[in-house]
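To keep things clear, I will list the structure first and then write my remarks on it.
Every read-out reported here was derived from the displayed coordinates using simple, explicitly stated rules and does not represent laboratory data. Fair warning: this is a prediction, and the values are worked out from it, not measured in the lab. Heads up, the Cβs are rebuilt from the backbone with ideal geometry, glycines too, and the neighbour counts pull from every protein chain shown.
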Amino acid sequence: MAELWQQLENEKVVGLVKRLYSSEINFHIYATFKYPESFFGIAFNFSNNIKIDISNFDNLRDLKVLLLDDTSYVNTKLLIVELLHSTSKDVFAVLCENLILSVIQLDSEQKFIRAVINQLNKWKTLFDKSASDALSNEQQQGLYGELVFLHKCLMQQDVNSLKVLNTWVGVDSALRDFQYSTWAVEVKTTATNNPQKVAINGERQLDETLLDNLFLFHCSVEVFNGNGETLNQKIEKIRLLLESNIVALNVFNLKLFEVGYFDSHANKYEKRCYKVRSENYYRITDDFPRIKENELRSGVSGVRYDIILAMCDEYLITENQLLNTIQNL
């Protein structure tokens, strides 16, 4: 998509112009560019018989959604999404690519355009995030710990990078940070005076009742000003690892957007650095100290509690034991 936008921008044709994304796709999807306003966009062709309501997208901060007749075909319209601020172009390009990948396999025009509308509703939230403040120190630290574990998984021999990325579900506010089929991994990152205490959010987070294997990865870090690895550097390492797989790279970037990390905020993360002090892996089973859902009295929910990991040594496993358990993706 970015290459098509560049071509259209270089041509400097006044007005709104469009170029077909691919002739191999069943649906007509276009890159669009409006000159001289410099609005980059994406457009979707669909039949006049399909009725859609775009009033939900009025007055968006960074996007403009509009419907126009498509003069290239009889009885068709274009659903156009324009980016109003080019500073978010990279974010928008990744979103467009992932949207296209998610709809090209659909088998009807009705499903296609409905899927586009559903995706636009998610974009509203993402662009609101991009305009908000950067991640807090606590959020940065939590993300760094999850990326440490993600990096380990991606470094495994003969790994399917896309499948690994799809196990990273914490960005979707899932119960645990990584989950696939019958296993899950919860990541806890600490940088306090008591690095052996971790906070558990809810009675189900460490409840393995519906899983064959549930693990806890504890990453203890030291935080320094300008000495160590920044959040930006960890992200760049993973991007370099994925650069030969454009689909996986796009998925990774999209997940970063969803968690609230935007490249436009990168300068705010340049001084805060991390050094990993220790890494420990625990298998959650038997009498591991935690609260399970079926142990609560009726009417009790939303439990928050701390675990002292120094009391959990008998449940320690090696990194290889954990990775060998989850590697069959």
* Range in the chain, longest, excluding exposed GluC sites (Glu not before Pro) [loop by DSSP; at most 13 other beta-carbon atoms within 10 Å] -> 38-242
* Quick one: angle between helix 89-103 and the longest Cα principal axis of the chain, in degrees between 0 and 90, rounded to 10, please. => 90
* In nm, to one decimal, how far is the A134 label point from the T192 one, both placed 7 Å along Cα→Cβ? -> 2.4
* Roughly what would the spin-label model give for M155 and K64, points 7 Å off Cα along C-beta, in nm? -> 4.8
* Asked: For all pairs of alpha-carbon atoms in the chain, what percent lies in each bin of width 10 Å, listed from the first bin to the last filled one?
  -> 5, 22, 28, 22, 15, 7, 1, 0
* Cα-centre dipole for segment 137-326 with unit charges at Cβ (Lys and Arg positive, Asp and Glu negative), debye to 20 -> 480
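Which entries in K122/K152; K152/K197; K188/K275; K188/K268; K152/K188 show an alpha-carbon gap greater than 19 Å?
Values: K122/K152 29 Å; K152/K197 23 Å; K188/K275 15 Å; K188/K268 23 Å; K152/K188 15 Å.
Violating the 19 Å limit, Cα to Cα: K122/K152; K152/K197; K188/K268.
How would you classify segment 2-130 from its alpha-carbon gyration tensor, with a ≥ b ≥ c the square roots of the eigenvalues: rounded for a/c under 1.5, else prolate if a/b is greater than b/c, otherwise oblate?
Values: a/c = 1.42, a/b = 1.14, b/c = 1.24.
Note, shape of segment 2-130 comes out rounded.
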* Asked: Quick one: Cα centre-to-centre distance for segment 206-231 and segment 13-35, in angstrom?
  -> 44
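Out of segment 213-304, which trypsin sites (Lys or Arg not before Pro) are coil in DSSP terms and have no more than 10 other C-beta atoms within 10 Å? Kindly include the intermediate steps, with their values, before the conclusion.
Details: sites: K234, K237, R239, K255, K268, K271, R272, K275, R277, R283, R290, K292, R297, R304; in loops: K271, R290, K292, R297.
Sites meeting the loop and neighbour criteria: R297.
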* Specify the residue with the greatest mean-square fluctuation among D158, D212, D90, computed from a Gaussian network of the chain linking alpha-carbon atoms under 10 Å apart. => D158
* What is the spin-label model distance, in nm, from T318 to N49 if the labels are put 7 Å beyond Cα along the C-beta direction? -> 6.3
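Could you work out the relative contact order of segment 2-130, using alpha carbon pairs under 8 angstrom and six or more residues apart, expressed as a whole percent? Show your work: numbers first, answer last.
Working: 179 pairs, mean separation 24.6, N = 129.
After rounding, I find 19 percent.
What ranking of I291, I284, I50, I42 emerges when the number of other C-beta atoms within 10 Å of each C-beta is taken as an exposure proxy, fewest first? Each step should come with its number before you reach the end.
On the way: I291 18, I284 22, I50 14, I42 26.
In order of increasing Cβ crowding within 10 Å: I50, I291, I284, I42.
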